[in-house]
Structure formats: structure tokens, C-alpha cells
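Here the structure comes first, spelled out in C-alpha cells, and everything after it is commentary.
Coordinate-derived values only; no laboratory data. As the structure is a computational prediction, the values presented were derived from the model and not from experiment. Here the Cβ positions follow ideal geometry from the backbone for every residue, glycine too, while neighbour counts run over all protein chains shown.
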Amino acid sequence: TSFDSTIIVAATDGGIHIYSYDSTLYTTDWRLSTKNMINTQFYSVAVAPDASVVGGTVSNGSIYIPNTGNLGENKGG
């Protein structure tokens, strides 16, 4: 692995953003590099004794997965 001080990668709940600096042209650029990736940032997750799971997300409501393995509803926002 090499180190490149002209690139910054920022992973957020809005996606993956890449900053690059071109020292020959003295230009900078931020670009979104998510490319159809679906991402959810969880604030907290809990597992019940029956193996069902519920998670609270940042800006995307709550996700519930019952112990049947089927994805439940996304409520809130």
C-alpha cells in the first residue's frame, strides 16, 4: 500500500467522497464515488432474545428484521 498526500477519502452517511489535488494544474476536486451503492448509517442496533433485530439509522428511520429473516418496515425519517 502506498501513501498519496493529494487524495482524501471521506465515508459519510451521504456516500463515499474523494478529494484530489492536482499539483501541476493547482486544481482541486471533490467527487461522489458511491456508484449505485446503497448505504445506511446506524446510530444503534439491538438484538432480542428471539434473534429479531432492530436498528435506528441516521436520517433513514428504523429498520426491523424479525427472526424470520424477512426485512421489516422502515418507519420514520
Fill in: Correct option for volume of the Cα convex hull per residue in Å³ [calculated from the coordinates] among (1) 135; (2) 116; (3) 144
(3)
Worksheet item: What ranking of 62, 33 emerges when the number of other C-beta atoms within 10 Å of each C-beta is taken as an exposure proxy, fewest first?
Response: 33, 62
Fill in: 3J(HN,Hα) from dihedral phi, region 51-67, Karplus parametrisation 6.51/-1.76/1.60, rounded to Hz, x for glycine, proline
6, 6, 10, 10, x, x, 10, 7, 6, 10, x, 10, 10, 10, 10, x, 5
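Within 10 Å, count the other beta carbons around each residue, average over each peptide in 41-48, 23-30, 53-60, and list them highest first. If you can, show how the numbers build up before the last one.
Details: 41-48: 11.0, 23-30: 8.2, 53-60: 14.9.
Output ranking for 41-48, 23-30, 53-60: 53-60, 41-48, 23-30.
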